[in-house]
Amino acid sequence: MYDHQILVQNGTGTTLDCFCHAACDPRDYILVPTPYYGGFNKDISRRAEVKIYPLDCSSDNNYLPTIKLLEDTLSKARREGCNVRALLIANPTNPVGMMFSRDQIREMIQFCHRNQLHYVSDEIYMNSVHGQGAQFISALSIDNIPDPNAVHVLWGFSKDFGMPGFQVGCLVSHCQPIKDYMIKRSTLFQHPASYVRQMLTTMINDREWLENVYFPACHMRLRENLELTIEMLEKNGLSYIRPVGGLYIFVNFSKFLSASTREAELALWDKFLDAGVYITPGEAFHCTEPGWFRLIFAEEPSLLRLALQRLQGALDTSPPPYKRVK
């Protein structure tokens, strides 16, 4: 990776928005596996007027897309007259926290090449991989890519460094026409502040501190908080998908729903809010299975324990689970 392949803008959402203007026309589509980060809707659609075509993944496969699902969904979209221009993948996934293997990434890139699509990898949690023995694989590390100009990576400081207010994100790409277009659009309005650029440059150049102090401490604290959270979940007989990256865990609360509906999911969410704890319902991530919630555990341990106690209290007063109609 070289400096000229990196385009820095004022936020990762801004960068994705600008990429959509460069790579798509209004009313084009981008394939996105569900559940996905709800902010993609505004980043992709609000200004560029590009639409999301969802790939409805299943909890049976930890909400990871398969090549068959990709092929079937793309065929369906094209039969419906949708002009699909790209596949957008979050790695690690949000809200689930799973990662893709090298072989899976290579297969998805080859799928995109066969179908003349851009492959866009949102790797904003790449340095927040905390699973024991887990190794993050970036799309940038895949060799023998059939068309490097069609592979693009997004990253920013907001998650790995807890700096959302600094508004710095970037696109890494070999595709000069796309970068040229984005530069023309962003020259006046979408640059980070110069003093912010200087400060962050100084920080990331201190590799010894990052590799020996900052990231090891972050990963250790994330692992400790995850275990604290899982202890509470298992005490209540709740199923979950154990994350290897990100700041969250995706939990199945469907046993506490009064019915297997979105309305029941939101009613349970209201119950959590009344108890003084905010976790995000699956509907916000376009999850197709009611009852899943994203719980962020990246918090001070004392506050996390308080939140888990309040969550426990809400569950203790929840109605019995609904009866399935046979």
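Restricting to lysines 8 or more places apart or on different chains, can you count the pairs in the chain with Cα atoms under 20 Å from each other?
The result is 9.
Using the C-alpha gyration tensor of the range 176-326, what are the square roots of 5 times its eigenvalues, in whole angstrom, with the largest one first?
Equivalent ellipsoid semi-axes, largest first: 39, 23, 14 Å.
Among ILE105, ILE137, TYR119, which residue has its Cα furthest toward the positive end of the charge dipole of the range 1-153, with +1 on Lys/Arg Cβ and -1 on Asp/Glu Cβ?
Going by the Cα projections, it comes out as TYR119.
Test of understanding: in a Gaussian network model of the chain with alpha carbons linked when under 10 Å, which of THR201, THR229, THR15 would top the mean-square fluctuation ranking?
THR201
Are there chymotrypsin sites (Phe, Trp or Tyr not before Pro) in the range 1-87 that DSSP marks as loop and that have at most 11 other Cβ atoms within 10 Å, and which are they?
Values: sites: TYR2, PHE19, TYR29, TYR36, TYR37, PHE40, TYR63; in loops: TYR2, TYR36, TYR37, TYR63.
Hits after loop and neighbour filter: TYR2.
Can you tell me the accessible area per residue over the range 66-118, all protein chains present, probe 1.4 angstrom, in square angstrom?
I get 45 Å² per residue for this part.
Roughly how much of LYS76 is accessible, in Å² to the nearest 10, using a 1.4 Å probe?
90 Å²
Which angle between 0 and 90 degrees, to the nearest 10, do you get for helix 301-316 versus the longest principal axis of the chain when only C-alpha atoms count?
Between helix and principal axis, roughly 50 degrees.
Compare the Cα positions of CYS218, TYR181, GLY156 along the charge dipole of the chain (+1 at Cβ of Lys, Arg; -1 at Cβ of Asp, Glu; about the Cα centre) and return the one farthest towards the positive end.
Sorting the options by dipole projection puts first TYR181.
Could you tell me the distance between the Cα centroids of the range 20-52 and the range 144-184, to the nearest Å?
16 Å
For GLY38, enumerate residues with amide H under 5 Å from its amide H, sequence gap 5+ or separate chain, H modeled in the peptide plane.
Amide H to amide H, under 5 Å and 5 or more residues apart or across chains, GLY38 pairs with nothing.
Among the DSSP beta bridges whose two residues both lie in the chain, what percent are antiparallel, rounded to the nearest 5?
Of all bridge pairs located within the chain, approximately 55 percent are antiparallel.
Taking the Cα centre of the chain as origin, sum charge times position over the Cβ atoms of Lys and Arg (+1) and Asp and Glu (-1), and report the length of that vector in debye to the nearest 20. Intermediate results must be reported in sequence, preceding the final value.
On the way: 32 positive and 35 negative charges, 129 e Å.
Roughly 620 debye for the chain.
Please report the relative contact order for the range 105-171, taking Cα pairs under 8 Å with a sequence separation of at least 6, and give it as a percent rounded to a whole number.
36 percent
For the chain, what is Rg from Cα atoms divided by 2.2 N^0.38 Å, rounded to two decimals? Kindly include the intermediate steps, with their values, before the conclusion.
On the way: Rg = 20.4 Å, N = 326, 2.2 N^0.38 = 19.8 Å.
Ratio of Cα Rg to 2.2 N^0.38 Å: 1.03.
State the percentage of accessible surface on the chain attributable to carbon and sulfur atoms; use a 1.4 Å probe and exclude ligands, DNA and RNA.
Details: 8230 of 16000 Å².
With neighbouring chains kept in place, the figure for the chain is 51 percent.
SER302 versus LYS184, label points 7 Å from Cα toward the beta carbon: distance in nm?
In this crude spin-label approximation the distance works out to 5.6 nm.
Per residue of the chain, what 222 nm ellipticity follows from adding -39500 (n - 2.57) for every DSSP H run with n ≥ 4, rounded to the nearest 500?
So the helix-based figure for the chain works out to -11500 deg cm²/dmol.
Might you tell me the accessible area per residue for the range 240-304, computed with a 1.4 Å probe and given in Å²?
In whole numbers, the range 240-304 has 41 Å² accessible per residue.
Can you pull out the GluC sites (Glu not before Pro) in the range 47-104 that DSSP calls coil and that have at most 10 other Cβ atoms within 10 Å?
Filter output for the range 47-104: GLU80.
If one puts a single equal scatterer on every Cα of the range 39-139 and applies the Debye formula without solvent, what log₁₀ I(q)/I(0) results at q = 0.12, 0.13, 0.24 Å⁻¹?
Treating every Cα as an identical point scatterer, log10 I(q)/I(0) equals -0.42, -0.49, -1.53.
If you wrap a convex hull around the alpha carbons of the range 28-87, what volume per residue comes out, as a whole number of Å³?
So the per-residue hull volume is 70 Å³.
The values are calculated or read from the model by the stated rules, or taken from the named source; none is laboratory data. Small disclaimer: the values here were computed from a predicted structure and weren't measured. With ideal geometry, Cβ positions are generated from the backbone for all residues, glycine too; neighbour counts draw on all protein chains shown. Each accessible area value is taken on the protein alone, full model and side chains, heavy atoms only, with ligands, DNA and RNA left out. Shrake-Rupley method; radii C 1.70, N 1.55, O 1.52, S 1.80 Å.
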